[in-house]
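Trainee: Sharing a structure with you now.
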Amino acid sequence: MLLLCIESSCDETSAAVVRDGRQILSNVIASQVDVHARYGGVVPELASRKHVEAISVVIGEALERAGVDLNAIQGVAVTRGPGLVGALLVGLSTAKAIAFARDLPLVGLHHIEGHILAALMEQEIAFPYLALAVSGGHTHIYRVDGIGRYQGLGRTLDDASGEAFDKVAKLVGLGYPGGVLIDRLAAQGNPDAIDFPRPLLHQDNFDFSFSGIKTAVLNYVRRQPGPIEGEHLKDLAASFQKAVVEVLCRKTWRAARETGLERVVVAGGVACNSGLRRMMSEMAAENRGQVFFPSPGLCGDNAAMLGVAGEHYLAAGYRAPLDLNAVASWSLDRAGIR
Ligand code: ATP
Ligand code: MG
Ligand code: FE
């Protein structure tokens, strides 16, 4: 099928044209980063307004880049949740309008389902696998037995890993969004310079906690006589990143060993992190397993990633009703009830 996919759960307005759930004909992403940067985080009301301004243009461009017009589209897949409700509603309402006007089948998808299936668009990965979803709002480990068959094994008890990157970046004055800025500095610093905590590392579960690392960074910053700059800032970035990456990697591979799964898929914006990619690959080798990452363009928010599940459900005959509503919070384990 030729699907139009639409994503607007946070601060990216995105539309994509995907063939047969795998072939990406276009994937247009309009980021609102500039709008929110001055506030140091996403302002929900501004996000909704910017989505309204961008959505038609982004969809038009996705069709144009794919070289198809709306008449060729055979179905619509849209993010239904979780996310900012006002932001979600822009994409969802647009998707419903197109589906209604063109008499096309519609499916509303879980945003994290999109993230953890994105890698399948680029590589053959056999089920079952373990998915580590690391993003601005999630740090979850799922067992993935197939499309629509997800079991949560562990999750963050407080901040998400991406949120920790962003908050630490903000408190050392790096700006928003901070993950990529910390990553860049970390590459030049000494990861063993400062000993930040590794929360829950030795606990016999697959849960995470990142607010303690963030607080440790805050306390460290407060103990310094002046602002942290230059080499000192690079060392702080590298040490913080190592603390986060180490917990993510060790707990994920422990989960892999205990569940007997050999394949790990890392997904979401934080999957771009170079330290995480490196240590995950090292640990995959140690554990005689395999790790997969989507290419950077498919890690962060984008509409194309919805193509995998969209194709699966629509091809199976699933049709969302036109009174489908957006949902701010939604457990992926229960996403089967769509
Ligand atoms: P969710 O997917 O949970 O709803 P989200 O959609 O806002 O949240 P994503 O867009 O998937 O999250 O990812 C954005 C997050 O990824 C931000 O927190 C950002 O700082 C982080 N991030 C992006 N690149 C990197 C990087 N290189 N290193 C660390 N973090 C990064
Ligand atoms: Mg974003
Ligand atoms: Fe996301």
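The values are calculated or read from the model by the stated rules, or taken from the named source; none is laboratory data. Just so we're clear, the structure is a prediction, and the values are computed from it rather than from any experiment. When we count neighbours, we look across all protein chains shown, and the Cβ atoms used for this are built from the backbone with ideal geometry, even at glycine.
Trainee: For the range 64-97, which residues satisfy the criterion of being within 21 Å of Ala47 (Cβ to Cβ), part of a helix (DSSP H, G or I) and either among the hydrophobic types (A, V, I, L, M, F, W, C) or at pLDDT below 95 (or both)?
Mentor: Val85, Ala87, Leu88, Leu89, Val90, Leu92, Ala95, Ala97
Trainee: Turning to a different aspect of this structure: Which one is nearest to ligand 1 (Cβ to nearest atom) among residues in the range 181-196 that are more than 14 Å from Ile213 (Cβ to Cβ) and either assigned by TED's automatic domain parsing to the domain that holds Trp330 or part of a loop (DSSP other than H, G, I, E, B) (or both)?
Mentor: Taking the candidates together, the pick is Ala187.
Trainee: Something else about it: Return the only residue of Glu12, Glu53 being within 16 Å of ligand 3 (Cβ to nearest atom) and either out of contact with any Leu (no Cβ under 9 Å at 6 or more places or on another chain) or aliphatic (A, V, I, L, M) (or both).
Mentor: Step by step, each of Glu12, Glu53 is checked, and only Glu12 is within 16 Å of ligand 3 (Cβ to nearest atom) and either out of contact with any Leu (no Cβ under 9 Å at 6 or more places or on another chain) or aliphatic (A, V, I, L, M) (or both).
Trainee: Does any residue of the range 21-42 turn out to be surrounded by fewer than 18 Cβ atoms within 10 Å (Cβ to Cβ), under 19 Å from the mean Cα position of the chain (by Cα), hydroxyl-bearing (Ser, Thr, Tyr) and closer than 30 Å to Val144 by Cα?
Mentor: Yes - at least one qualifying residue is present in the range 21-42.
Trainee: Tell me the strands (runs of 3 or more DSSP E) entirely within the range 129-180 that contain at least 3 residues that are more than 14 Å from ligand 1 (Cβ to nearest atom) and out of contact with any Pro (no Cβ under 7 Å at 6 or more places or on another chain).
Mentor: Ranges flagged: 149-155.
Trainee: So which helices (runs of 4 or more DSSP H) stay within the range 198-305 end to end and still have 3 or more residues that are among the hydroxyl-bearing types (Ser, Thr, Tyr)?
Mentor: So the answer is 211-223, 230-259.
Trainee: Looking only at the range 1-54, which residues are among the β-branched types (Val, Ile, Thr) and part of a loop (DSSP other than H, G, I, E, B)?
Mentor: Matches in the range 1-54: Val42, Val43.
Trainee: Also, quick follow-up: Which condition breaks for Asp323 when tested against (1) of a type outside the set (A, V, I, L, M, F, W, C); (2) modelled with pLDDT under 95; (3) under 20 Å from Leu84 (Cα atoms)?
Mentor: Condition (2) is where Asp323 drops out.
Quick grid of which residues meet (1) of a type in the set (A, V, I, L, M); (2) more than 16 Å from ligand 3 (Cβ to nearest atom); (3) in contact with a strand residue (DSSP E or B) (Cβ under 7 Å, 6 or more places away or on another chain):
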residue	(1), (2), (3)
Leu104	yes, yes, yes
His111	no, no, yes
Ile116	yes, no, yes
Thr139	no, no, yes
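Trainee: Give the range 187-240 a look and list any residue that's in contact with a Ser or Thr (Cβ under 8 Å, 6 or more places away or on another chain) and among the acidic types (Asp, Glu), or say none.
Mentor: Residues satisfying the conditions are Asp192, Asp195, Asp207.
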